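One structure is given below, encoded as structure tokens.
The values are calculated or read from the model by the stated rules, or taken from the named source; none is laboratory data. Here the structure is a predicted model, which means the values were calculated and not measured. Cβ atoms come from the backbone with ideal geometry, glycine included; neighbour counts cover every protein chain shown. Calculation scope for accessible area: heavy atoms of the full protein, side chains included, ligands and nucleic acids excluded. Shrake-Rupley method; radii C 1.70, N 1.55, O 1.52, S 1.80 Å.
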Amino acid sequence: MMRLDAATVMLQWATGGLFFLWITTRRRELGIGYGWMMRITYLVSAILALVIGVRYDFVPVREVASAGVIATTSYALWVSWVRRRAGVSGQRAEHDRRSARVTEMTGIDRGVQSFDETAPEFPPVLDLIPPVIGLVGLIAGGIHAGSPVWLTVARLVAGAAFLGSISDAMLLGHWYLVQPGLKRGPLLELVKWVGWTWPVEVGLLMVPTGMWSVISGEIDDSYNGILGWFWIASAVTTIGLVFVTRAALRERQYAAVMAATGLLYLAILTAFGTDLVARALLS
């Protein structure tokens, strides 16, 4: 069995989200503002994890890890702000390419973005440090949560990857409104990660004592099995939405990205249902 601990859930979400932020920023294609948005989002999550943990169920290693995630994410955010004039190399190159194309076709010279090419860029490796620290906290939270320890820890790590990838994919879909010339590669990569983490997440939640015990009636959900079927519906709908999202992104029209973002809105709801409903029933 396992425990549903709000502090661990918030740290889990922050850890997964920050890891997939690094997956995206290492490509050096997105504008620097994307990193600011994501770091602030998960910084809030990590702060909530620390506050809830200290207030309600103190786990020393987990809370120290949460503080470490807060500190290193804040530092990455500060470095990104200080080096903002350098921009991002991939974004600069794409802007220059598009500007040259417009000039060739129309004779109109587009405005030049003011980047300082001599200034050092933000190093994406800084985005990898917070999730590494967060992983230590998740292991501590898993050890504290219940037995068997290996299964509890594995579920927390898989859940962090699952929820982090789908959260980042949904937020990245919105960034295309800010950076419309962005290629679909970064979004497709995150959607693929959701598809890869889904079977691991669902499989670990089925391992005894797991959701199969709820579905079979061995564990009473107090609602005549409805919550067990709701979990199945959430899990199946999530992977179904992943396939539909990937199909939408094959369309050439720009509206396909917005359609994919709308689908990811639904997927993030069903994904959280898949993870949190199972953890509530097994706690």
Candidate set from region 212-235 (those that are within 24 Å of the chain's Cα centre (by Cα) and open to solvent by less than 30 Å² (accessible area, probe 1.4 Å)); member that is modelled with the lowest pLDDT: 231
Verdict on residue 271 being open to solvent by less than 30 Å² (accessible area, probe 1.4 Å), free of Cβ contacts under 8 Å to residues at least 40 places away in the same chain and in a helix (DSSP H, G or I): no
Would it be correct to say that residue 248 is within 24 Å of residue 13 (Cα to Cα) and buried (at least 17 other Cβ atoms within 10 Å of the Cβ)? no
When (1) surrounded by 15 or more Cβ atoms within 10 Å (Cβ to Cβ); (2) closer than 30 Å to residue 181 by Cβ; (3) not small (Gly, Ala, Ser) are applied to residue 276, the one that fails is (2)
Kindly check whether there is at least one residue in region 252-259 that is farther than 25 Å from residue 154 by Cβ, basic (Lys, Arg) and either open to solvent by less than 50 Å² (accessible area, probe 1.4 Å) or over 22 Å from the mean Cα position of the chain (by Cα) (or both). yes
Picking from 120, 131, the residue that is under 22 Å from residue 71 (Cβ atoms) and in a helix (DSSP H, G or I) would be 131
If I ask for residues that are farther than 14 Å from residue 161 by Cβ, in a helix (DSSP H, G or I) and open to solvent by 20 Å² or more (accessible area, probe 1.4 Å), which ones from region 182-198 would you list? 185, 188
Considering only region 1-52, state which residues are open to solvent by less than 60 Å² (accessible area, probe 1.4 Å), charged (D, E, K, R), closer than 27 Å to residue 140 by Cβ and outside any helix (DSSP H, G or I). 5
Kindly indicate the residue of region 150-178 that is farther than 16 Å from residue 256 by Cβ and open to solvent by 20 Å² or more (accessible area, probe 1.4 Å) and also nearest to the chain's Cα centre (by Cα) among those meeting that condition. 161
Which numbered condition residue 219 fails, given (1) over 24 Å from residue 142 (Cα atoms); (2) in a loop (DSSP other than H, G, I, E, B): (1)
Does residue 201 satisfy the criteria of being in a helix (DSSP H, G or I), open to solvent by less than 20 Å² (accessible area, probe 1.4 Å) and within 24 Å of residue 22 (Cα to Cα)? yes
Considering only residues that are assigned to a helix (DSSP H, G or I) and either farther than 15 Å from residue 138 by Cβ or touching a Gly at 6+ places or on another chain (Cβ under 9 Å) (or both), which ones fall in region 53-66? 53, 54, 55, 56, 61, 62, 63, 64, 65, 66
Quick one: is residue 126 touching a helix residue (DSSP H, G or I) at 6+ places or on another chain (Cβ under 8 Å) and without any contact (Cβ under 8 Å) to a residue 60 or more places away in the chain? yes
